[in-house]
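What follows is a set of notes on a single structure, which appears directly below.
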Amino acid sequence: MLILLRYFFQCLSKKTSLLRMFRKCSRLSHVLCSVFFMLVFFYTPVNHAQEAGSLAETVDNINQVASRVAPGIPAVSVTTNANGDQEYTVTIQILGVMTVLTLLPSFLIMMTSFTRVIIVFAILRQAIGLQGTPSNQIILGLSLFLTIFIMMPVFEAVNEQALQPYMNESIDSLTAIEAASRPFHTFMLSQTRESDLELFMRISNTTDIATPEETPFFVLAPAFLTSELKTAFQIGFILFIPFLVIDMVVASVLMAMGMMMLSPIIISLPFKIMIFVLVDGWAMIIGTLAASYGY
């Protein structure tokens, strides 16, 4: 029993010495941490300041070299030519080109044959009874390429009269824009009805026009678009008549046979597709659209 008590007191004495040692180590660690934070706090700003100063000097040297090698392009600058015309800097021209690119879909609709072509194809699909065939992507692509085919003489005239002289630096940008607008103006005027043109001239109070060639674009564009819509619906009405006759014949036959619950559209659809293919309907419609523009 006495031996056990002695062993227990020896263990207690060893434990207290270990606790004292741990306390001393913790105090030493606190001191070391304080010294470390003092070093970081007092010496780091100096190093950051030195690095910031060297970085600023490097940037200044780069800017000086860049200004000597490639001087910057002025943002806005207008140059007056010998004939009195004014020419803008490259930055203004790039801004104008980017603006034109954003408005390109509107120009495609309002200044070309795209409106008439795509409306006729949409009415044709509705007349046949095919709601999703051909798909919108196919109709859009066919209308786009047919528009390029119809507008090719106009594009060639713009290339010869405006684009090539401007790329050869024989004319300035404003003259090139004016030269490029003439073929489009001629094309749009040839496809615009006089009644639509008079309507928009009366609405806009435009009276100082001696000849139709002097019609401004803000009057010609809506008049041209209105004429295109009217012509497209006229062609669509003519396309609807044969398919409507087929639907009426099929409906009459089904009524005579007593099949009133059977939809006539289901029966007439194969006949409409067969007749459209036999008469080569796509070639006839595309040829009619091209002939409506003088081809």
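The values are calculated or read from the model by the stated rules, or taken from the named source; none is laboratory data. Values in this document were obtained by computation on a predicted structure and should not be read as measured data. Every residue, glycine among them, receives a Cβ derived from its backbone with ideal geometry; neighbour counts consider all protein chains shown. In case anyone asks, the SASA skips ligands and DNA or RNA and just uses the protein heavy atoms, side chains included. Shrake-Rupley method; radii C 1.70, N 1.55, O 1.52, S 1.80 Å.
The table that follows gives values for the structure above.
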| item | result |
| --- | --- |
| Residues satisfying the stated conditions in segment 154-209, i.e. of a type in the set (D, E, K, R) and either open to solvent by 30 Å² or more (accessible area, probe 1.4 Å) or within 27 Å of ALA290 (Cα to Cα) (or both) | GLU156, GLU160, GLU169, GLU178, ARG182, ARG193, GLU194, ASP196, GLU198, ARG202, ASP208 |
| The listed residue being in contact with a Lys or Arg (Cβ under 9 Å, 6 or more places away or on another chain), among the small types (Gly, Ala, Ser) and modelled with pLDDT of 85 or more, out of SER292, SER252 | SER292 |
| PHE233 being open to solvent by 90 Å² or more (accessible area, probe 1.4 Å) and within 25 Å of ALA290 (Cα to Cα) | yes |
| Qualifying residue in segment 262-269 (condition: part of a helix (DSSP H, G or I), within 34 Å of the chain's Cα centre (by Cα) and surrounded by 14 or more Cβ atoms within 10 Å (Cβ to Cβ)) | no |
| Number of the exception - ALA221 against (1) open to solvent by less than 40 Å² (accessible area, probe 1.4 Å); (2) part of a helix (DSSP H, G or I); (3) at pLDDT below 85 | (3) |
| Criterion: hydroxyl-bearing (Ser, Thr, Tyr) and not in a helix (DSSP H, G or I) - qualifying residue of THR206, THR186, THR226 | THR206 |
| Scan of segment 236-261 for residues that are surrounded by 11 or more Cβ atoms within 10 Å (Cβ to Cβ), over 30 Å from MET110 (Cβ atoms) and small (Gly, Ala, Ser), ordered by number | ALA251, SER252 |
| Residues located in segment 270-288, provided they are assigned to a helix (DSSP H, G or I), open to solvent by 50 Å² or more (accessible area, probe 1.4 Å) and free of Cβ contacts under 8 Å to residues at least 12 places away in the same chain | PRO270, MET274, VAL277, LEU278, TRP282, ALA283, MET284 |
| Any hit, segment 163-172, residues being assigned to a helix (DSSP H, G or I), modelled with pLDDT under 85 and either touching a Ser or Thr at 6+ places or on another chain (Cβ under 9 Å) or of a type in the set (Phe, Trp, Tyr) (or both) | yes |
| Those residues of segment 110-135 which are touching a helix residue (DSSP H, G or I) at 6+ places or on another chain (Cβ under 6 Å), within 30 Å of VAL154 (Cβ to Cβ) and not in a helix (DSSP H, G or I), in sequence order | MET111, THR112, SER113 |
| Contacts under 6 angstrom Cβ, first residue in segment 173-187 being of a type outside the set (A, V, I, L, M, F, W, C) and modelled with pLDDT under 85, partner surrounded by 14 or more Cβ atoms within 10 Å (Cβ to Cβ) and in a helix (DSSP H, G or I), 6 or more apart | none |
